[in-house]
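Below you'll find the structure, written out as structure tokens, and then a few comments.
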Number of protein chains: 8
Amino acid sequence: MTIRVYLSGEIHTDWREQIIKGASDLDVHFASPVTDHDASDDCGVSIMGAETEKFWHDNKGAKLNAIRTRKGIADADIVVVRFGEKYKQWNAAFDAGYAAALGKSLVIMHGADHQHALKEVDAAALAVTETPEQVIQILRYVQDGTLPRERAGYD
Amino acid sequence: MTIRVYLSGEIHTDWREQIIKGASDLDVHFASPVTDHDASDDCGVSIMGAETEKFWHDNKGAKLNAIRTRKGIADADIVVVRFGEKYKQWNAAFDAGYAAALGKSLVIMHGADHQHALKEVDAAALAVTETPEQVIQILRYVQDGTLPRERAGYD
Amino acid sequence: MTIRVYLSGEIHTDWREQIIKGASDLDVHFASPVTDHDASDDCGVSIMGAETEKFWHDNKGAKLNAIRTRKGIADADIVVVRFGEKYKQWNAAFDAGYAAALGKSLVIMHGADHQHALKEVDAAALAVTETPEQVIQILRYVQDGTLPRERAGYD
Amino acid sequence: MTIRVYLSGEIHTDWREQIIKGASDLDVHFASPVTDHDASDDCGVSIMGAETEKFWHDNKGAKLNAIRTRKGIADADIVVVRFGEKYKQWNAAFDAGYAAALGKSLVIMHGADHQHALKEVDAAALAVTETPEQVIQILRYVQDGTLPRERAGYD
Amino acid sequence: MTIRVYLSGEIHTDWREQIIKGASDLDVHFASPVTDHDASDDCGVSIMGAETEKFWHDNKGAKLNAIRTRKGIADADIVVVRFGEKYKQWNAAFDAGYAAALGKSLVIMHGADHQHALKEVDAAALAVTETPEQVIQILRYVQDGTLPRERAGYD
Amino acid sequence: MTIRVYLSGEIHTDWREQIIKGASDLDVHFASPVTDHDASDDCGVSIMGAETEKFWHDNKGAKLNAIRTRKGIADADIVVVRFGEKYKQWNAAFDAGYAAALGKSLVIMHGADHQHALKEVDAAALAVTETPEQVIQILRYVQDGTLPRERAGYD
Amino acid sequence: MTIRVYLSGEIHTDWREQIIKGASDLDVHFASPVTDHDASDDCGVSIMGAETEKFWHDNKGAKLNAIRTRKGIADADIVVVRFGEKYKQWNAAFDAGYAAALGKSLVIMHGADHQHALKEVDAAALAVTETPEQVIQILRYVQDGTLPRERAGYD
Amino acid sequence: MTIRVYLSGEIHTDWREQIIKGASDLDVHFASPVTDHDASDDCGVSIMGAETEKFWHDNKGAKLNAIRTRKGIADADIVVVRFGEKYKQWNAAFDAGYAAALGKSLVIMHGADHQHALKEVDAAALAVTETPEQVIQILRYVQDGTLPRERAGYD
């Protein structure tokens, strides 16, 4: 059972690389948005010509990036969305909503201080995590049923 | 042609009331989330019992609110999503993504300072506005083809 | 905003009547399966002719009941599924799964002793309740945002 | 023609192994839930942290298991659901309903004593069986048209 | 609960009128194909111009009739398909397949002598009947749970 | 049976008015794009602010018009698309393709000189006509089975 | 571009073998129902136990065959349905309707004497043929654009 | 991440070959309509027999071509539609509308003189281009995030 995972959200830390490396022995295919911030911002005008208005500069780029994002989400079994410490990250929340409406399994990652602000997003998720290690453990469990050693049984 | 509109997002100003009032002569039905902030936060535990963990307190409430939100979006022809000056507003972006994936016509409202951060959301929209008056004009135009007096023709 | 609700599951107590009565001032339309146990069991052979095998006797009836059940679920915004104290009630769990796959908002009702056995069903729900009164409160909140008096706020 | 089969339901006997072994010469891919009972119960808290409330302990686990279950059903051509002699098995009936709503071909397995209680589930199935051997014969017939030797012709 | 019913198939007897009359006290809306045989055959050329080839004469008419048929089936909760004693009636079987793929509840009517030839169609139905009276009884039971007086209970 | 019709395409003659008037005794609801050419061209900038680039001037307007067009097509049972004598009319062909993909019943109107260029569009239609009178006759026939007096029977 | 084709309908001549052989150099995958008439009739009771009623004997078999048929149609790009000289062949017309509702490309095969009776089925098809050779030519053209030597140009 | 691209529209220049060659180092699969103009016009009658009416000659061919076109669009992640300098090209606009309704990512190609006439089509696109080189750059960026050397950054 090959699992396809789309890694959406924060692009300023190496969380994607950690997950991809940690799951390298699993039968999981990963897809991501373009994470080069400058390329992502300027792709539209770089290919289709400059704009004088910032709005249209951004609009051209965001639409071009949407070609990749929508395919990534549409092809995925699981969409992992990470909210980092900074920035608005509305595109991350937008991706989460988009994935939820398509019935994708949502895994959300964020620190404790974002808990209240993300409650609607978390409520649509099948798992809420804080670390890449937890996402790796989830992928491992979903694929082959293996749990990490020290386990927190109920009684 | 009755138009059904869902008004999502910011709940701290009276933009919904302005739109509803301004469009009162049109054949438009409006739906909204519960905009009483306290009720929205506490609805889950209020009905289904208190929680000791804040996460589950919020989770219960967010899921209960989702019953209303999802029906509102599912029934809508047009989803208007307003991003205010403050707060994370990830639920607004989540609603926008959810509505986009369902093929709803998106109308986004926000001030100029949020332009870059909302570029992915704007790129999925059929109209990007700043004021309730513009949304009223859009609804009026969509319904009966009437434009405001002073018009900005191209040539 | 008219809300359409399908009341699935246990047919031996008057929980449906309690909900319908308690929500009589709301703009909610209710649908239910046929709750006359004998009619539900014998409807197939009663109309389409007797069977010598119990399996086909039941099969004819279950299919005929499915005409009503599927329309009820398909038309609903919210599907409430109640698990009573006794019986297997696999049809209730089947309805819950069917509704979940169609993206309906699920509200589950059951007593505390069924908690562990129903964990997968509860996990697909937007609300888990114990009493008809709670379902009425949910419908009231979803429709007009009103909560019961004594409220359990978080802090 | 590769056939993809999801084996849902009872986890206390080796019926899955019997089917997989008996169909090993066919072009059939099998998927299953995690059948290690303890892992399945504790997976959520094991990865995402302990809960003080049993309800949330179970909720975390059930949602995590749903990632695997939903992919298994979504990818399947045929969903086989077995009801054993004991336990409530509401998750099995939930899976059956979920699969039925997605238009999957349902094959149900159960003993004669569950016949009446499972009549609604059976009525949604394309085949109702009692033994793993019958499921193997069905897969063989669906794939290459071969029937078992001793055949019960009508005339 | 308004039930919408499409009455497909045989057009040489008054079975539609019998059903519509017998169900006149129920909240059921009926739709049907054009049952005037000559009009149905010639409608295409009558409006859009004559054809020299019989194939295109028929093609024009069949497509025009499809506008009505497809709306009738798409809008229906229940599709009743009657196979009469004579004629090929491939359009009736086509409608049944079309309705089945859309997930409509199928009720089939035919005499005993067509049983074997219609086994695939019957296998997709939720009820197989012989008379208009049985269809009326089904509609009555689906709507209000009432069964005919003399009932064939199992034990 | 209320029939909902969307009238797409050419906006320089009064064909819509002819059809609406000719079908005024039928239970047909009509919807149309905004047919005021100037309003349609300038609506975007008129409400949301002027653009210096013609491309974005047009883009803003076309997206705003799409809110109305998509609702009109989505709500329709039948989409009538008329190609006039002049202009590119790519939006008409776009609407036809959009409607075809949604499974709407397509009725195409055009003169004989466009026959070859429109062959792919005609091939997706259930009726190809030349005049408003023919469309009225089609609507009348689809609704109540009545054909015009002088009829072109086959033999 | 691999093309997947389902060959439905008449099972008494070798038309399937002719098509499969004639298209053996193309990248086309074929699927078919079980064409062993006796196996197809008795498969249900052979695996799941004898029935005393012919109706249920047939019902068990028809449902089991539906597992294969529905997968074959669901996986197909093109569904070819052949109507032979004899028999009712309602299952062929049912398959055609089922495939049409799923938006599959329909290719119909039949002799001239069935033309009028099959007009509704033909009207839903993208090609109407008489011989296996024509179906092979269609598959060849769809795949690589090659037409047979002697061609009937218009001018 | 394999990307599937359908190249629709103008068939008189070698733009398809330019794109396919320029993207030959990428993991992109291309599909196209039959671009042999004569074969495309005459395919229907060539295989299924001559017609005396030009309308039906064209109709047969257009439907046969639709088998390939619809599969090409249905399988695609991205649909590129090119409008050339000449001809009506309504089939290109039809394909664009068809692809848009299916939620495909649309990339439109045309010269500046068609800008106003194509504004509705452009408004549905995620990228509007003029040259094959731009499409190649888009495919390269979508697949591996690489942009052309000289880049037009905003500030």
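Some notes on this structure:
- Selection within segment C:124-140 - in a helix (DSSP H, G or I) and farther than 16 Å from C:E10 by Cα: C:E133, C:Q134, C:I136, C:Q137, C:I138, C:L139, C:R140
- Any hit, segment G:133-151, residues being modelled with pLDDT of 95 or more, under 17 Å from the mean Cα position of the chain (by Cα) and farther than 24 Å from G:T2 by Cβ: no
- All positions within segment A:104-123 that are at the interface with another protein chain (Cβ under 7 Å from one of its Cβ atoms) and outside any strand (DSSP E or B): A:Q115, A:H116, A:A117, A:L118, A:K119, A:E120, A:V121, A:D122, A:A123
- When residues in segment H:99-145 are screened for being surrounded by fewer than 21 Cβ atoms within 10 Å (Cβ to Cβ), within 22 Å of F:D122 (Cβ to Cβ) and among the small types (G, A, S), 1 of them pass.
- A:A96 being modelled with pLDDT of 95 or more, open to solvent by less than 10 Å² (accessible area, probe 1.4 Å), within 13 Å of chain B (Cβ to nearest Cβ) and assigned to a loop (DSSP other than H, G, I, E, B): no
- Filtered residues of segment C:3-20 (kept if in contact with a strand residue (DSSP E or B) (Cβ under 6 Å, 6 or more places away or on another chain) and open to solvent by 50 Å² or more (accessible area, probe 1.4 Å)): C:R4, C:I20
- Meets criteria (within 29 Å of A:M109 (Cβ to Cβ), surrounded by fewer than 21 Cβ atoms within 10 Å (Cβ to Cβ) and touching a residue at least 12 places away in the same chain (Cβ under 8 Å)) for B:K63: no
- Qualifying positions in segment C:50-59 - out of contact with any His (no Cβ under 8 Å at 6 or more places or on another chain) and open to solvent by less than 30 Å² (accessible area, probe 1.4 Å): C:W56, C:H57, C:N59
- If you go through segment A:14-41 and pick out every residue that is of a type outside the set (V, I, T), in contact (Cβ under 8 Å) with a residue 24 or more places away in the chain and not in a helix (DSSP H, G or I), you end up with 8.
- A count restricted to segment C:21-43 and to residues that are surrounded by 18 or more Cβ atoms within 10 Å (Cβ to Cβ) and within 13 Å of the chain's Cα centre (by Cα) stands at 5.
- When C:L147 is tested against (1) more than 7 Å from every other protein chain (Cβ to nearest Cβ); (2) in a loop (DSSP other than H, G, I, E, B); (3) within 17 Å of B:I67 (Cα to Cα), only condition (1) is not met.
- Picking from residues in segment E:68-93 that are farther than 16 Å from G:A96 by Cα and among the basic types (K, R), the one that is modelled with the lowest pLDDT is E:K86.
This table checks each residue for (1) in contact with a Leu (Cβ under 9 Å, 6 or more places away or on another chain); (2) more than 30 Å from C:R149 (Cα to Cα); (3) within 14 Å of chain A (Cβ to nearest Cβ).
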| position | (1), (2), (3) |
| --- | --- |
| B:D42 | yes, no, yes |
| B:R70 | yes, no, yes |
| B:I73 | yes, no, yes |
| B:I78 | yes, yes, no |
| B:R82 | yes, yes, yes |
| B:P132 | no, yes, no |
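- Number of the condition not met by H:G84 [criteria: (1) open to solvent by 20 Å² or more (accessible area, probe 1.4 Å); (2) assigned to a loop (DSSP other than H, G, I, E, B)]: (1)
The values are calculated or read from the model by the stated rules, or taken from the named source; none is laboratory data. Just so it is clear, the model here is predicted, and its values are computed rather than measured. Virtual Cβ from ideal backbone geometry, glycine too; neighbours counted across all protein chains shown. To get the accessible areas, we keep the full protein, side chains included, count just its heavy atoms, and leave off ligands, DNA and RNA. Shrake-Rupley method; radii C 1.70, N 1.55, O 1.52, S 1.80 Å.
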